[in-house]
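Here the structure is laid out as structure tokens; the discussion comes afterwards.
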Amino acid sequence: MQIYLPIAEVAVNAFLLIGLGGIVGLMSGMFGVGGGFLITPLLFFIGIPPAIAVATGANQVVASSVSGVLGHVKRRTVDFRMGGVLLVGGLIGSALGVEVFNLLQKVGQVELVVQLSYVIMLGVVGSMMFAESLRALRRTRAGARAKRRHHGWIHALPFRMKFRTSGLYLSVIPPLVVGMLVGVLSAMMGVGGGFIMVPAMIYLLGMPTKVVIGTSLFQITFVTAFTTLMHAVNYNTVDVMLAVLLIIGGVTGAQIGTQLGSRLRAEQLRILLALVVLGVCVKLAMDLFLTPENLYSLTPGII
Amino acid sequence: MRWLANILASLWLAVCAALPVVAQEEEAPIMSFPSPETTRGGEPAPPPEAREQVVAGISSDAVSITTSFDGSEIIIYGAVRRETPIPGSSLLNVIVTVEGPGRSVTIRRKQRKLGIWVNTESVVVGTAPSFYSVATTGALRLILDEAEDARYRISIPTAMRAFARPVNVDDPAHFTEAMINQRLADGTYNLRENGVQLVEDTLFRADFRLPANLIEGTYKVRIFLVRQGKVIDSYSAPLEVRKVGLERWLYRLAFDQPLLYGLMSLFIAAAAGWGASAAFRALQRK
């Protein structure tokens, strides 16, 4: 069934969009990632103009993360205080990211920088996570208990705060910085940043895995809501018809994902996420290194 | 031959009904390319005894984009009006074009730098039609002189307009060629030689398929009568492509009230997320 999208000005198959939303929603519920890093390129592949894919992707992420976070609130696996600190950093970072984006656009290299940073970050995060969770899996198999890592320098920082849900007594500086970095990424790549934040929360902040996903979803909900609004007001690039179709699939997927996620062990979950992150990284790297089929690309408008 | 006479008569009635509307709208050229009507003034008019004129109609003068819009068919038909017998000395050819509103396009080329493919050079085209379709009675190269093509901007490469910025690449033609090839491949541009049926050198008909990814605006239909490579008469009429109903309402809201539109999008997203979560909880309780 073809449906005409009013803002994107293209006709697309409605069931294809619902299916895409479903897959991304599933990941969102399972791993606590918003799925922006998947939905944006996927929309681009089916012929949605890039600017509209970024903005509408953000709107779809709002829905799937709301859907996901509510499940976690119910199970008390959201650290609201940590989420709040991350959010403050996120909003500052988002504003910074818009500035950097404009600067790069003037130089004309925004595409390359975004793609390169995707490859580098996904590569580093993915392989770190993969190696760590393999080690953790082996340790638990051997019967030994996984021991909580201690980061001396992080615990020496000032402005410490008690995060009861996470069981941490930690300086607010590291979460603020993590939130800010993710905010920059969110504004520049149209992603929620969960794929960076989840590992950062586990390995850098030392949060227990069971509260990481809910807290990450909590932060993503608000950062992507902010991003959506900015795009709608400044560039008129949110296509609500497209968003609704993605959301129908997305919220259903997110619920199923949350259920699946609670049945899997944390280490297995992390290995799966690591594989997905590495997969996307390899695909993007191939686009950079392999000779493209078409050397020329068209972008509407004067840029 | 009675059937032909019948068709001619009914066509004539349809054309007479359509003509006043067409004449009125012709006065305001909307597109960026020079209107054929204006160029005709400076040219020596063809000798009056050889005068052949085109009269034509379109199956519908407006295309409505609705939610379920997945393309549209339009039929452009017409007849050649003449006071004298058909000149037997040369072949009559008909060319019909349909052109969508112009939009600017940035064309970029990738080059390998340090092992990775990077966009290095770009060319900006000021206005290129968002849709362009040409149908003819024969091979375009054989029936139309190059000079005439350049004047009326009929073939696909000539329909693209000037560069928006000073060109700083050595081979801008490669860029526009790449753009045209890409659009030919995705069907946005097309040339259908023998796409116009001409009966008895008098009646003609061309069918056009407008694709699903149509943008809103005033499209332009042009018809050219060609003899010995020269355009002897032309006709042009607008074709409105408009969003209607929900499509129109959403589009207007997004551009006139962007804050409201953004908040609405967020509300829908949040409500859907909450709704799904609540529904699944209810399901689990059972």
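Taking only the Cα atoms of chain A, the radius of gyration and Dmax are 19.0, 62 Å. Modelled spin labels at A:V113 and B:A147, positioned 7 Å past Cα toward Cβ, are 5.3 nm from each other.
Within 10 Å of the Cβ of each residue in A:3-15, the mean number of Cβ atoms contributed by other protein chains is 6.
Each stretch of four or more DSSP H residues adds -39500 (n - 2.57); spread over every residue of chain A, this sum gives -24500 deg cm²/dmol at 222 nm. Centre-to-centre, using Cα atoms only, the range A:187-204 and the range B:104-161 are separated by 42 Å.
Considering only the other residues whose Cβ falls under 14 Å of the Cβ of B:R183, what net charge follows from Lys and Arg at +1 and Asp and Glu at -1? Walk me through the numbers on the way to the answer.
Values: positive: B:R103; negative: B:E99, B:E177, B:D186.
Charge balance near B:R183 sits at -2.
I'm checking a number: the convex hull volume of the Cα atoms of the range B:234-274, normalised per residue, in Å³. What is it? If you can, show how the numbers build up before the last one.
Working: hull volume 3.4 nm³, N = 41.
Looking at the range B:234-274, the number lands at 82 Å³ per residue.
Placing a pseudo-label 7 Å from each Cα along the Cα-to-Cβ vector at B:S90 and B:Q257 gives an inter-label distance of 6.0 nm.
Would you kindly calculate the translational diffusion coefficient of the range B:88-231, applying Stokes-Einstein with the Kirkwood radius from alpha carbon pairs, for 25 °C and a viscosity of 0.890 mPa s, and quote it in µm² s⁻¹ without decimals? Rounded to a whole number, D works out at 146 µm²/s.
May I ask you to give the average projected area over all directions of the convex hull of the Cα atoms of the protein assembly as shown, in nm² rounded to one decimal? Intermediate values should be presented prior to the final figure.
Numbers: hull surface 134.4 nm².
Projected over every direction and averaged, the Cα hull of the protein assembly as shown covers 33.6 nm².
Among B:R109, A:R164, B:R248, the ranking by other beta carbons within 10 Å of each residue's beta carbon, starting with the fewest, stands as A:R164, B:R248, B:R109.
Return the FRET efficiency for the residue pair B:Q228, B:T66: r is the Cβ-Cβ distance, R0 is 51 Å, and the value is rounded to the nearest 0.05. The partial results should precede the final answer.
Values: r = 45 Å, r/R0 = 0.89.
Approximately 0.65, to the nearest 0.05.
Among the GluC sites (Glu not before Pro) in the range B:60-112, those placed in a DSSP loop whose Cβ has at most 10 other Cβ atoms within 10 Å are B:E83.
Neighbour counts of C-beta atoms inside 10 Å place B:W249, B:W274, B:W117 in the sequence B:W249, B:W274, B:W117, starting with the fewest.
Counting only aspartates and glutamates at least 8 places from B:K230 when in the same chain, those with an alpha carbon closer than 18 Å to its own are B:E37, B:E43, B:E49, B:E52, B:D145, B:E146, B:E148, B:D149, B:E193, B:D201.
Quote the FRET efficiency, to the nearest 0.05, computed for A:S171 versus B:D171 with a Förster distance R0 of 60 Å and r equal to the Cβ-Cβ distance. Let's see the in-between values first.
Details: r = 58 Å, r/R0 = 0.96.
Computed FRET efficiency for A:S171 and B:D171: 0.55.
Shielding value for A:63-71 is 6, the average number of Cβ atoms from other chains within 10 Å of each residue's Cβ.
Packing-based ranking of B:196-209, A:174-187 yields A:174-187, B:196-209, ordered from highest to lowest mean Cβ neighbour count within 10 Å.
Considering only DSSP beta bridges where both residues belong to the protein assembly as shown, give the percentage that are antiparallel (nearest 5).
Details: 68 of 78 bridges.
Of all bridge pairs located within the protein assembly as shown, approximately 85 percent are antiparallel.
I'd like to compare A:92-99, A:49-56, B:184-191: which one has the highest average count of other Cβ atoms within 10 Å, and what's the full order after that? Spell out each step's value before the answer.
Working: A:92-99: 18.2, A:49-56: 22.9, B:184-191: 16.1.
The packing order, highest mean first, is A:49-56, A:92-99, B:184-191.
FRET efficiency for the A:L134 to A:K283 pair, using the beta carbon distance and R₀ = 22 Å, is estimated at 0.50.
Read the figures in this text as sums done on the coordinates, not as results from a lab. This one's a predicted model, so the numbers in the text were calculated from it and none came from an experiment. Here the Cβ is made from the backbone with ideal geometry for all residues, glycine too, and neighbour counts use every protein chain on show.
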